[in-house]
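Please treat every number below as a calculation from the coordinates, not as lab data. All figures in this text were calculated on a predicted structure; none of them were measured in a lab. Note that each Cβ is placed from the backbone with ideal geometry, even for glycine, and that neighbours are counted across all protein chains shown.
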Amino acid sequence: MHPTIERMMDIVASGEDEKIATILAEQVKFMPPTYWATWTGRAPVAAVLGHVGQVFSDFRYRRVMGDGKDWALEFQCRIGEFDAVGVDLITLDDEGMIETFEVVMRPHKSVGALRDAMNARVATDARFLEFRKALA
């Protein structure tokens, strides 16, 4: 398994955005399961993933598939009272950093619970005002 994928599996659910940032490419693109948009850049993506790590509980990867630059990591977790399963679709760049990170999840109620929890967290994190200005 690629060392970045191994490190990701160790830290992605930690909620520690400083650690998460160490495996992200400078211009990483993150596509969340909660809406049709893309976050771009190491700092905003690390911040989003840090919050996700704090929203998920009982997180664990069930299967890892891939090699080279393309990986799919199946996970399960809880979001409040809801169970969820999903897949992290990862593409690494030439330096082995995460270049794209797309998440697909089900069921719909769990994705809605994640969206609501993330909206509440982002609303209280001043960094996101800066990120939105930079994205505009």
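For the reader, a short list of remarks on this structure follows.
- Taking the chain as a Gaussian network of alpha-carbon nodes connected by springs under 10 Å, the highest mean-square fluctuation of the residues P33, P44, P107 belongs to P107.
- Taking every alpha-carbon pair under 8 Å whose residues sit at least 6 apart, the chain reaches a relative contact order of 22 percent.
- Rounded to the nearest 20 debye, the dipole magnitude of the chain is 500 debye, with +1 charges on Lys and Arg beta carbons, -1 on Asp and Glu beta carbons, and the Cα centre as origin.
- Highest-fluctuation residue, E81, E16, E102 considered, GNM on the chain with Cα pairs under 10 Å: E81
- Directionally averaged projected area (convex hull, Cα atoms, region 1-112), nm²: 6.1 nm²
- The trypsin sites (Lys or Arg not before Pro) of region 32-136 meeting both criteria, a DSSP state outside H, G, I, E and B (loop) and at most 15 other C-beta atoms within 10 angstrom of the site's C-beta, are K69.
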